[in-house]
1. Let me confirm something: among VAL84, VAL66, which residue is farther than 25 Å from ALA230 by Cβ, among the hydrophobic types (A, V, I, L, M, F, W, C) and surrounded by 23 or more Cβ atoms within 10 Å (Cβ to Cβ)?
2. Out of the strands (runs of 3 or more DSSP E) lying entirely within the stretch 120-216, which hold 2 or more residues that are under 15 Å from the mean Cα position of the chain (by Cα) and within 11 Å of the ligand (Cβ to nearest atom)?
3. Out of all the residues in the stretch 46-97, which are within 16 Å of the ligand (Cβ to nearest atom) and of a type in the set (Val, Ile, Thr)?
4. What pairs can you find where one residue is in the stretch 184-208 and hydrophobic (A, V, I, L, M, F, W, C), the other is crowded, with 16+ Cβ neighbours inside 10 Å and outside any helix (DSSP H, G or I), and their Cβ atoms are less than 6 Å apart, with a gap of 6+ or different chains?
5. Residues of the stretch 128-144 being closer than 23 Å to ALA217 by Cα and either of a type outside the set (Phe, Trp, Tyr) or surrounded by fewer than 21 Cβ atoms within 10 Å (Cβ to Cβ) (or both), which ones?
6. Quick one: would you say GLY35 is at positive phi and at pLDDT below 95?
7. For the stretch 230-242, give me each residue that is under 22 Å from the mean Cα position of the chain (by Cα) and at pLDDT 95 or above.
8. Does VAL237 fit the bill of being assigned to a strand (DSSP E or B), surrounded by 18 or more Cβ atoms within 10 Å (Cβ to Cβ) and of a type in the set (A, V, I, L, M, F, W, C)?
Amino acid sequence: VSARSLLARATERLAEAGVASPRADAELLLCHVTGVPRALLTVTARVDEAQRRSYLDLIEARARRVPLQHLTGTASFRHVDLEVGPGVFVPRPETELLAGWAIEEADRRDAAVVVDLGAGSGAIALSVVSEAPTARVYAVELDERAYDWAWRNLDGSGVVLRRGDMAEAFPELNGAVDVVVANPPYIPLTAWQGVATEARDHDPQLALWSGPDGLDAMRVVEQVAWRLLAPGGVVGVEHAEAQEQSVRRLFAGRWSEVRDHRDLADRPRYLTARRPPTHRVSS
Ligand SMILES: C[S@@+](CC[C@H](N)C(=O)[O-])C[C@H]1O[C@@H](n2cnc3c(N)ncnc32)[C@H](O)[C@@H]1O
């Protein structure tokens, strides 16, 4: 079978099923099955029978809206590849910006202490430790299955990973952290209809939903960041597009330099703030 005709058929099947990027997904799955790089797919003419069969199975799974990354088993995030599959949130491209912010903040300091709340696959923590190698990175994850994926991805990286609730995590670091970063669950329970089938059916519930206004976990993040950060330390949190003002209100008051940042599509995406430095009054 020629790769070209197989791709055309697969693309059509995925488009029918409502997949957002049918051609790209068809190509990436064929790369996965054949091991041929994407640029050469239509140049290498033939796919053998066994490959054709596994490919069509994957296309059928994708048509049932299993996330592409669960089928290939990996997700790329900045400069790292994470192993992903059932039970863990697939890291998203928009979160690469928040991770970039954390890396820059870590780079400003010598041996910065960085904490990632809600590690998921470990995408943010692994990016920070690989792009800011002098940083000391800690991560916490509550969900047992997600924790297992994070463990696989972070083993040997130097990141200190702990299983537990972020609300109580790392008491030994109270007041000693330079950068707190979090991509918490933030979708309001009432917004389920607007969520892509792939996410709704395959990302873990604990990674998505967070109470009626979507901010239950964010309120905990604000408290935990305050507890962990040294005076002058910074926090960065990802939020939904509609939450720019509500998250800002959460950080109004005791935080300074509260700023919201937009993503590449110009949507409000993450907020950063500083725990004010303490000023000693000299006598
Ligand atoms: C939206 S996912 C983000 C995962 C990863 N940081 C990323 O950006 O791809 C949120 C993660 O926070 C975890 N989580 C939710 N509540 C938590 C809590 N109270 N303590 C620790 N982790 C929690 C979820 O299990 C999930 O893995």
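The values are calculated or read from the model by the stated rules, or taken from the named source; none is laboratory data. Every value quoted in this text rests on a predicted model; they were computed, and no experiment measured them. As a convention, Cβ positions derive from the backbone with ideal geometry for all residues, glycine included, and neighbour counts pool all protein chains shown.
1. Values: VAL66 fails: surrounded by 23 or more Cβ atoms within 10 Å (Cβ to Cβ).
Being farther than 25 Å from ALA230 by Cβ, among the hydrophobic types (A, V, I, L, M, F, W, C) and surrounded by 23 or more Cβ atoms within 10 Å (Cβ to Cβ) holds for just one of VAL84, VAL66, which is VAL84.
2. Working: elements: 136-141, 160-163, 177-182.
Those strands (runs of 3 or more DSSP E) span 136-141, 177-182.
3. THR74, VAL80, VAL84, VAL88, VAL90, THR95
4. Note: pairs meeting the criteria are ILE187/TRP209; ILE187/GLY214; LEU189/TRP209; LEU206/ASP143; ALA207/PHE89; ALA207/PRO185; LEU208/PRO185; LEU208/ILE187.
5. Our first condition is that a residue be closer than 23 Å to ALA217 by Cα; within the stretch 128-144, this holds for 128, 137-144.
Once the filter is applied, which keeps residues that are closer than 23 Å to ALA217 by Cα and either of a type outside the set (Phe, Trp, Tyr) or surrounded by fewer than 21 Cβ atoms within 10 Å (Cβ to Cβ) (or both), the stretch 128-144 yields VAL128, VAL137, ALA139, VAL140, GLU141, LEU142, ASP143, GLU144.
6. Working: at positive phi: yes; at pLDDT below 95: yes.
Yes.
7. First pass over the stretch 230-242, keeping only residues under 22 Å from the mean Cα position of the chain (by Cα): 234-242.
The answer is VAL234, VAL235, GLY236, VAL237, GLU238, HIS239.
8. On the way: assigned to a strand (DSSP E or B): yes; surrounded by 18 or more Cβ atoms within 10 Å (Cβ to Cβ): yes; of a type in the set (A, V, I, L, M, F, W, C): yes.
Considered against the rule, which asks whether it is assigned to a strand (DSSP E or B), surrounded by 18 or more Cβ atoms within 10 Å (Cβ to Cβ) and of a type in the set (A, V, I, L, M, F, W, C), VAL237 comes out as yes.
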